[in-house]
1. Report, by residue number, each residue of region 207-229 that is of a type in the set (S, T, N, Q) and modelled with pLDDT under 90.
2. Looking for something hydroxyl-bearing (Ser, Thr, Tyr), modelled with pLDDT under 90 and loosely packed, with under 12 Cβ neighbours inside 10 Å - is there at least one such residue anywhere in region 240-260?
3. Of all residues in region 138-165, count the ones that are assigned to a helix (DSSP H, G or I) and at pLDDT below 80.
4. Whether any residue in region 100-114 is out of contact with any helix residue (DSSP H, G or I) (no Cβ under 8 Å at 6 or more places or on another chain) and either at pLDDT below 80 or within 17 Å of residue 201 (Cα to Cα) (or both) is what I want to check.
5. One residue is enough: does region 170-178 have a residue meeting the conditions in a loop (DSSP other than H, G, I, E, B) and surrounded by fewer than 18 Cβ atoms within 10 Å (Cβ to Cβ)?
6. Which of (1) over 19 Å from residue 121 (Cβ atoms); (2) assigned by TED's automatic domain parsing to the domain that holds residue 119; (3) touching a residue at least 12 places away in the same chain (Cβ under 8 Å) is the odd one out, the single condition residue 36 does not satisfy?
7. Within region 214-232, is there a residue that is among the aromatic types (Phe, Trp, Tyr), touching a helix residue (DSSP H, G or I) at 6+ places or on another chain (Cβ under 9 Å), under 30 Å from residue 122 (Cα atoms) and buried (at least 16 other Cβ atoms within 10 Å of the Cβ)?
8. Would region 199-206 turn up any residue that is surrounded by 13 or more Cβ atoms within 10 Å (Cβ to Cβ) and at pLDDT 90 or above?
Amino acid sequence: MEKLRLSIDGKIKRAAIILFGKDPNKFYPNIMVKIGRFGSDDADLKYQEVEEGNLIYLLKNVPEQLNRKFFIKPINFEGMQRIEKGEYPVAALREMLLNALVHRIYMGSSIQMRVYDNKFTSWNEGNLPEGLHIESLKTNHSSRPKNPIIADVCFKAGYIDSWGRGTLKIFNSCQEAELPEPTIEAKDGGILVTLFKNKYVREQLKELGLNERQVNAIEYLKVNSRITNKEYQELNSVTKKTATRDLKTLTDLELIHSSGKAGAGAFYVLN
C-alpha cells in the first residue's frame, strides 16, 4: 500500500478507500453512478439504476449495467457469424467513465449518466485545471489529474496512460464509428460529455419506421450526396407518385431537405 502511496505509517489514505474500500459510501455518500433512461428530454424519465461501490467495482459494473438494461445492441449476421454492434464506441464509453471516476470531486455530487433516444451523456462534478480549456481537450494536452494518487494507481493498473489522451480517444473513436462529433462542456459546476447517435445507420432508420425504399435512398445519399425524384424512381423501381410520397416523408422527418428548386432540377440532400 505504501508503494502505491495509499498508506502512511500504517494508516490508509482516502484514495485507498475510494479505490478498494469495501464500503466507501460510509465515508463518501455520493461515490456512486446514477444511470437514467430518458425519452426525448429530461422531463421524461422512464427508469433508473444506481451503482454503488469502490472505483474498481464501478469500472466493471457500470458498463455491464448499461449494456444489460440501457443500451440496445443491434445484431447483424455476417455469413453464419452473429455480430453485435453497440450504439456507441466501447472506447468512448470507457474513457467517459474513467475520466468521470478519476477526475471527479469525491465530496461532491454523484456521477450522472443519462441515456436518451438520440444521445448519451455523462456528468461529474469538478472543473478543468487552471489554464486547461474545453477546446484543448480536442487536441494533444498534458495530463493534469485532479486526484493524482488515484490517477497513478489507475495508470499502474493499466486503466489510463497518463498522457492526457482520454478525451482524444472519445473524439477519435466516434469519428471512426461515423458518429457526430461529441461535445464537452462546463455545466452546473462540472463537466458534461455528450455522445450522439448516427441517425443514418440502417438500424436507426428502421426504428423510425422507414420502408426499405426510403432506407435505400438514405444509403444512396451517403455515397452520392444528392438524389432526384427520377433517381429515386430508378433506384427503387417505383412510380413518380410513390417516390414523391416517400421523399415527402423523409423531408417531414427532417432526414433530408429539398434544394428548393422546382421541376427537373430539384434534388434532395441529407440534413
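The values are calculated or read from the model by the stated rules, or taken from the named source; none is laboratory data. Source: prediction; values computed, not measured. All Cβ positions, glycine included, derive from the backbone under ideal geometry; neighbour counts span all protein chains shown.
1. So the first thing to find is which residues in region 207-229 are of a type in the set (S, T, N, Q), and the list is 211, 214, 216, 224-225, 228-229.
Passing the criteria: 224, 225.
2. Of all residues in region 240-260, those hydroxyl-bearing (Ser, Thr, Tyr) come to 242, 244, 249, 251, 258-259.
Imposing the further condition that a residue be modelled with pLDDT under 90 reduces the set to 259.
Of the ones still in play, those that are also loosely packed, with under 12 Cβ neighbours inside 10 Å are none.
No, region 240-260 has no match at all.
3. Number of matching residues: 1.
4. Looking for residues that are out of contact with any helix residue (DSSP H, G or I) (no Cβ under 8 Å at 6 or more places or on another chain) and either at pLDDT below 80 or within 17 Å of residue 201 (Cα to Cα) (or both), one finds none in region 100-114, hence no.
5. Yes - at least one qualifying residue is present in region 170-178.
6. Condition (1) is where residue 36 drops out.
7. Taking region 214-232 first, the residues among the aromatic types (Phe, Trp, Tyr) are 220, 232.
Checking the rest, the ones that are also touching a helix residue (DSSP H, G or I) at 6+ places or on another chain (Cβ under 9 Å) come to 220, 232.
Narrowing the set further to residues that are under 30 Å from residue 122 (Cα atoms) leaves none.
The answer is no, given that none of the residues of region 214-232 is among the aromatic types (Phe, Trp, Tyr), touching a helix residue (DSSP H, G or I) at 6+ places or on another chain (Cβ under 9 Å), under 30 Å from residue 122 (Cα atoms) and buried (at least 16 other Cβ atoms within 10 Å of the Cβ).
8. Checked region 199-206: no residue is surrounded by 13 or more Cβ atoms within 10 Å (Cβ to Cβ) and at pLDDT 90 or above.
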